[in-house]
Amino acid sequence: MVQKNQKRNTYQKKETPEGLWTKCPNCNYICTVTELRENVFVCPKCSFHHRIGSDEYFEILFNDNKYDVLYENIRSKDFLHFTDLKSYGKRLEETWNKTDITDSIRIATGEVREHHMVVGCMDFEFIGGSLGSVMGERLARAADYCLLHRAPLLIICKSGGARMMESAFSLMQLAKVSAKLSQLTDARIPYISLLTDPSFGGISASFGMLGDFNIAEPGALIGFAGPRVIRETIKKDLPEGFQRSEFLLEHGFLDLIVNRKELKQKVATLLALLKS
Ligand SMILES: [Zn+2]
């Protein structure tokens, strides 16, 4: 369970360097990073949703960008001594040195409009947002925090799937997190899943689709196996827009597609609906 006096880190808004330019990968529109940031990283011309990390999502969601980050002391370990192109231990070291995030998900708590809530947000830049035992443990503790404080939970998914270097330990996290989410259901505490580009593998096959509301950003690729694997397996061409959020909404897998500019308001409204 969560300790009441747990040490917390409060993060302040990051400064964007002036004069940096960026190009939209969808329509080639060029603007400054500052302009893009002011538009919550949605292309001002074509509404393409740029990939962003937990820092940006927390800033979009939490009132006045004020939040506490929890469970940062839980770190990955190479307990299987796994080696592919390099050893998992070395890969972890390199990733820690390269980024200022400590694993593929960050858990934060704070106020979103009138709701005190917990947001777990994946970071793709940390080994592809892969689901390892740290993500599982942080999410399990986040659920405990929600139970203790009767706070709703939002998980923002952005992941290539399970972390192969942790093998079955990684897959076990699916059952562990799903079990924790059912405790939230029993306690009638809302859970919303937000699927962003990309959400693949075990995530979309388990807790990514277990929300009281499963919502997604426009144009996000969401699926279990990727389109190339499916095409090679069924030996057929795939329909247009296959695995995009609009396709999933049409086929009943999603409840709602939410433009990032409306994300905060929509989350607050959905929570108000669930609470009433
Ligand atoms: Zn664009």
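Things to note:
- Neighbour cut-off at most 10 other Cβ (10 Å), DSSP loop, GluC sites (Glu not before Pro), the stretch 213-276: Glu240
- Unit Cα scatterers, Debye sum, the chain: log10 I(q)/I(0) for q = 0.10, 0.14, 0.17 Å⁻¹: -0.52, -1.06, -1.53
- Taking each of Lys45/Lys235; Lys77/Lys235; Lys23/Lys86; Lys23/Lys236; Lys77/Lys158 in turn, the alpha-carbon distance tops 28 angstrom for Lys45/Lys235; Lys77/Lys235; Lys23/Lys86; Lys23/Lys236.
- Cα gyration tensor, the stretch 184-223 - rounded (a/c under 1.5), prolate or oblate: oblate
- Maximal additional length on extending the Asp64-Asp84 stretch stands at 2.9 nm, based on 0.36 nm per residue less the C-alpha distance.
- Cut-off 17 Å, label 7 Å out along Cα→Cβ of Arg150, residues of the stretch 241-276 by amide N: 271-276
- Coordinate range of the alpha-carbon atoms in the stretch 215-276 per principal axis, descending: 48, 22, 16 Å.
- Heavy-atom accessible area per residue - the chain, 1.4 Å, Å²: 50 Å²
- Kirkwood Rh and Cα Rg combined as Rg over Rh, evaluated for the stretch 155-276: 1.00
- 3J(HN,Hα) from dihedral phi, the stretch 24-35, Karplus parametrisation 6.51/-1.76/1.60, rounded to Hz, x for glycine, proline: 6, x, 8, 10, 6, 5, 10, 8, 7, 4, 4, 5
- Options Ser204, Phe79, His115, ranked by Cα towards positive dipole end of the stretch 68-227, top entry (Cβ charges): Phe79
- Point-charge dipole on Cβ atoms (K/R +1, D/E -1) for the stretch 11-109, about Cα centre, debye to 20: 320 debye
- Protein accessible area in the chain, 1.4 Å probe - carbon and sulfur %: 53 percent
- Loop trypsin sites (Lys or Arg not before Pro), the stretch 147-244 (other Cβ atoms within 10 Å of the site Cβ: 16 or fewer; DSSP): Arg150, Arg188, Lys235, Lys236
- Aspartates and glutamates whose Cα lies under 13 Å from that of Lys275, excluding same-chain neighbours fewer than 8 positions away: Glu114, Asp212
- FRET E, pair Glu94, Arg188, Förster distance 51 Å, beta-carbon r, rounded to 0.05: 0.70
- Phi-based couplings in Hz for the stretch 245-254 (Karplus 6.51, -1.76, 1.60; Gly and Pro marked x): 4, 5, 5, 5, 5, 4, 9, x, 8, 10
The values are calculated or read from the model by the stated rules, or taken from the named source; none is laboratory data. These numbers come from a predicted model, not from an experiment. Every residue, glycine as well, gets a Cβ built from its backbone with ideal geometry; the counts of neighbours run over all protein chains shown. The protein model used for the area step is the full one, side chains on, heavy atoms only, and it has no ligands, DNA or RNA in it. Shrake-Rupley method; radii C 1.70, N 1.55, O 1.52, S 1.80 Å.
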